[in-house]
Amino acid sequence: MVSSAVADTTPAAASTPAAFRDFDRYLRELAVADQFSGTVLVSRNGRPVLSRAYGYADRKKQVRNQADTIYCLASVTKLFTAVAVGQLVQRGALGLLDPIGKYLTGFTAEVADHVTVHHLLTHTSGLGDFMRDPGYFQEAAKWTSAQQMMDGTLQFVRGEKPAFVPGAGSQYSNSGYHTLGCIVAKVAGQSYYDYVRNHIFRPAGMITADFTTKPQWKGGSQYAHPYPADQSGKRFDALDGDIFAFIGNPAGNAMASANDLVRFADAVNDGTLLNAEYKEIFLSPKVPKPPRAGTQESAAFAAYATDDLLVNGRWVYGHSGGAPGVSTSAEWYPGTGWTAVVLSNYDSATAVNQRIRQVLTS
């Protein structure tokens, strides 16, 4: 991408702390080479330290990404679902060891009686990924309402056979998080979408966050279109096909700006969304995971709400997400005040997130 497509959203790099200057240069070089498109926001105690936006939200209309551009979040959405569960547990309306059959019907006894809320939160249920279930995308392309998304996806999940006895293994599970969202709706007595809007987005002051429909996403200039690359390396607008369904779900594809994800992290940590005791319960490490190769991680755990990583001796809490033309991350550094958000409408921004971790933990 030519340099004219690069849009800075803060003053010159000299106004940022010295530790960020190399990162700032690195990010700009990626953007000029058309290897990064998106918004990056690093804040401390709620105040932005570095904010950058590069590339195009809509290539066809030549709309550039900005600091307040709204992106598809992919699996960062799971943070909202987990906190919603935490609120209901905190109220005493839901139990972590409750089997899912207490709230939802249609599952086999193998699942209904033995998979618990704890298993779903920690990806130890044995359930898989509804998006890999045969026929899912063909059916999802027909849905034109939020209720069809919730009910139709749950029907696919009901047909899954656990890959292992609940609690005996670990497998990342979009199906598990969709099931959690259905439990939230059942217990709260309102749609999952309305619960998250009323009890997560509004209290946190997340003014752009929502579960946006595909027609709204495609037509609004404030939204970043996803641009994956085909086998030849040519980028295309994924909203022109059936890759994305009518609306997101509890496992992924809510929409928000980088600023709103900082507000969410602040609201989790200051007691707005969970009290101190349940914040500790839901954010503390639960199930060990192998640290990812090629990263600075020395330890990794699944918590109830977050992935908890030990990076260069410091804890990093948060979640990442990915989909065709979508790469996202929202992370905070307990006890330091740092929050880092990377939202990209290209296939992968993993290297950018790794570079931020290096800056904030070295």
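The values are calculated or read from the model by the stated rules, or taken from the named source; none is laboratory data. This structure is a prediction, so every number in the text was calculated from the model and none was measured. All Cβ positions, glycine included, derive from the backbone under ideal geometry; neighbour counts span all protein chains shown. These area figures cover heavy atoms from the full protein model, side chains too; ligands, DNA and RNA do not enter into them. Shrake-Rupley method; radii C 1.70, N 1.55, O 1.52, S 1.80 Å.
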Accessible surface of Ser37 - all protein chains present, 1.4 Å probe, nearest 10 Å²: 0
222 nm mean residue ellipticity, helices alone, for the chain (DSSP H n ≥ 4; -39,500 (n - 2.57); rounded to 500): -8500 deg cm²/dmol
Expressed as a rounded percentage, what relative contact order does the chain have, with Cα pairs under 8 Å and six or more residues apart? 22
Just the accessible area per residue of the chain, please: how many Å² with a 1.4 Å probe? 40
Under 5 Å, built H, 5+ apart or other chain: amide partners of Arg59: none
Determine, from the Cβ-Cβ distance of Ala141 and Ala19 and an R0 of 30 Å, the FRET efficiency 1/(1 + (r/R0)^6), rounded to the nearest 0.05. 0.05
Report the local net charge at Arg197: Lys and Arg +1, Asp and Glu -1, summed over other residues whose C-beta lies under 13 Å from its C-beta. -2
Could you work out what % of the accessible surface of segment 192-294 is carbon and sulfur, using a 1.4 angstrom probe and leaving DNA, RNA and ligands out of the count? 49
Of Phe301, Phe244, which has the most accessible area and how do the rest follow, probe 1.4 Å? Phe301, Phe244
Whole-Hz ³J(HN,Hα) from phi, Karplus 6.51 cos²θ - 1.76 cosθ + 1.60, for segment 246-253, glycine and proline x: 4, 7, x, 8, x, 8, x, 6
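Sorting Ile356, Ile207 by accessible area (1.4 Å probe), largest first, what list results? The partial results should precede the final answer.
Values: Ile356 5, Ile207 140 Å².
The ranking, largest first, comes out as Ile207, Ile356.
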In segment 123-165 the accessible area split gives carbon plus sulfur, as whole percent at 1.4 Å, a share of 55
